[in-house]
1. Count, please, the residues in segment 96-132 that happen to be in a helix (DSSP H, G or I) and either without any contact (Cβ under 8 Å) to a residue 24 or more places away in the chain or among the small types (Gly, Ala, Ser) (or both).
2. Could you pull out the residue among Val164, Val169 that is closer than 30 Å to Lys73 by Cα and crowded, with 18+ Cβ neighbours inside 10 Å?
3. Filter segment 212-228 down to residues that are surrounded by fewer than 24 Cβ atoms within 10 Å (Cβ to Cβ) and aliphatic (A, V, I, L, M) and give me whichever is farthest from the chain's Cα centre (by Cα).
4. Can you report the number of residues in segment 77-124 which are farther than 20 Å from Phe225 by Cα and either in contact with a Pro (Cβ under 7 Å, 6 or more places away or on another chain) or surrounded by fewer than 21 Cβ atoms within 10 Å (Cβ to Cβ) (or both)?
5. Which one is surrounded by the fewest Cβ atoms within 10 Å (Cβ to Cβ) among residues in segment 8-45 that are among the small types (Gly, Ala, Ser) and farther than 13 Å from Leu126 by Cα?
6. Looking only at segment 202-211, decide whether some residue is under 24 Å from Tyr79 (Cα atoms), crowded, with 17+ Cβ neighbours inside 10 Å and hydroxyl-bearing (Ser, Thr, Tyr).
7. Looking only at segment 143-174, count how many residues are part of a loop (DSSP other than H, G, I, E, B) and either closer than 20 Å to Val129 by Cα or at pLDDT 90 or above (or both).
8. Against the conditions (1) farther than 23 Å from Ala205 by Cβ; (2) modelled with pLDDT under 95; (3) not polar (S, T, N, Q), where does Asp64 fall short? Just the number, please.
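The values are calculated or read from the model by the stated rules, or taken from the named source; none is laboratory data. Source: prediction; values computed, not measured. A quick note on method: Cβ atoms are made from the backbone with ideal geometry, for glycine too, and the neighbour counts reach across all protein chains shown.
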Amino acid sequence: MADANIIGVVSIKGGVGKTTATSSIGVSLAEDFHKKVLIIDANLGVPNLGFHFNEPFPEVSLFDVLNERVDIKEAIVEYGHQIHLLLTPLSDEEADLSKLGDKLEDVRKDYDFILLDSSPTLGSDLFNVMEASDELLPITSPDYPTMSAGLKLLHRASEMKIPVRGVIVNKFKRKHFEIDIKNIADALQSDILAIVPDDESVSDALYNKYPVTLFNPYSNAALKFRKVAAMFAGTTFSPSFFGKLKYKIGSRGHRRKLRERFGY
């Protein structure tokens with residue numbers, strides 16, 4: 001196995017769905033494309049990734065790794081055969097995230113992809129995640145404050161010489177008050193990898209403590225995240241009509257199997 005591609009999922013504005021994107025794409029890389037994936041909550045201030053996996057209060061966390069209490073491999077937990085997690089609890093504890101890049105070198109050869117869910121603030125924690133990443137995946141939404149923040153983030157990525165494959169526009173409502181997608185692409189001078197609709201399935205999945213690509217893989221948002229995962233996996237994704245029909249008919253059975261598989 002080659003060294004993992006480390007992807008920093010970033011924004012400098014909260015509420016744009018960065019953690020949803022991280023968990024959904026990470027799960028899709030494993031479930032749809034059979035990649036071995038490590039997903040890390042590198043948001044030390046207000047971590048939320050654990051809520052998507054029913055593990056908001058991990059016994060061993062990224063704090064323990066950064067503060068030299070455990071080796072990184074001891075803090076990683078298995079969530080399904082191909083999906084591993086390194087989580088962070090809400091805590092008053094502090095840690096030096098500049099150590100993250102060095103810690104990841106100990107596990108890079110164990111994975112195909114490592115996804116980092118970053119802090120949504122322009123500061124040292126975000127910059128440390130950016131420096132630890134091979135490429136960045138910025139998340140924005142179609143409004144002026146978020147796009148302005150995205151522009152500042154991309155400018156900083158350019159200064160740091162960190163590649164950006166493209167941007168995800170999330171929570172798109174198709175309303176007249178939203179910025180036109182072409183204008184977003186022109187302003188950010190970046191490719192738009194996906195336009196993810198504002199979808200109640202995302203909230204439903206979070207309520208049930210699953211990434212949406214697991215809980216409702218044929219919802220409109222999940223399909224978009226699965227297509228982004230395919231891009232990173234170097235392939236394409238085309239959902240089959242029969243697959244979608246089979247899921248719709250057997251959705252209760254699908255959710256029962258999730259509970260049996262993950263224990264909740």
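1. 5
2. Step by step, each of Val164, Val169 is checked, and only Val164 is closer than 30 Å to Lys73 by Cα and crowded, with 18+ Cβ neighbours inside 10 Å.
3. For segment 212-228, the residue satisfying everything is Leu223.
4. 28
5. Residue satisfying both the conditions and the ranking: Gly15.
6. yes
7. Residues in segment 143-174 being part of a loop (DSSP other than H, G, I, E, B) and either closer than 20 Å to Val129 by Cα or at pLDDT 90 or above (or both): 7 in total.
8. (2)
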